[in-house]
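Please read the structure below before turning to the comments.
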Amino acid sequence: MALFDVPDSSIGQQLLDVPFSDMIRSMGLAIAQAQFELDQTATRLAQMMSGKYEVEVPDENSPTGVRIEERESYVHFDGEDLSLLELGFTPTFYQFVDTIIEVKISITMTASTSYSRTSKVKSVVAAAGWYGFGGGLAARTSSVSASYASKYQYSAEGSSLLRTKLVVVPAPPVLEERIRNVLEKKKAAEAAEG
């Protein structure tokens, strides 16, 4: 990599490569699925709170692998067996609101270059005699040391936050009306018997 080369993709391209549409689609589908399951749970809870409800029980002899069993859920109160609905309880419904998708990206690039050069010179002088003639020998050495360093760092950090708010909403009006009708029918049947 040459000095000050930028990685294959530029910062702008990396920001464009964040899959926003996939994130939004996934978040929307996840919320829709969760909302559906919350509504189903609240509906099953309403059935259980009515005093009689059905559950699926594993059954090896059944072609579907399950069978439906009817169960009762009454509270003994003041000498009577009453359903939770008769005692004034209602199922709780939830709804997702205020969904936020937040993406944070931090990209850092640093480049540095250093160059240094040192040289040393050493001289050695020697004197010696040669058959009566005077003479001398001089040697000079020099060493050069050079170093070159180029450093390049690149880091990209990203984080995403998906946040949604779940709030309690009133039971659907049609369900409330049906609950009242069930309770009135039950009271009318008890009055006819007693």
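For segment 45-59, state whether one or more residues are among the charged types (D, E, K, R), surrounded by 14 or more Cβ atoms within 10 Å (Cβ to Cβ) and out of contact with any Ser or Thr (no Cβ under 6 Å at 6 or more places or on another chain).
No.
Would you mind telling me which numbered condition in (1) modelled with pLDDT of 75 or more; (2) part of a strand (DSSP E or B); (3) out of contact with any Ser or Thr (no Cβ under 6 Å at 6 or more places or on another chain) residue 180 fails?
Every listed condition holds for residue 180 apart from (2).
Looking only at segment 17-68, how many residues end up being farther than 30 Å from residue 165 by Cβ, touching a Phe, Trp or Tyr at 6+ places or on another chain (Cβ under 8 Å) and at pLDDT 90 or above?
Matching residues across segment 17-68 total 0.
Is one or more of the residues making up segment 128-141 of a type in the set (Phe, Trp, Tyr), at pLDDT 80 or above and not in a strand (DSSP E or B)?
Checked segment 128-141: no residue is of a type in the set (Phe, Trp, Tyr), at pLDDT 80 or above and not in a strand (DSSP E or B).
The values are calculated or read from the model by the stated rules, or taken from the named source; none is laboratory data. Computed from a predicted structure; not experimentally measured. Ideal geometry is used to build each Cβ from the backbone, glycine not excepted, and the neighbour counts take in all protein chains shown.
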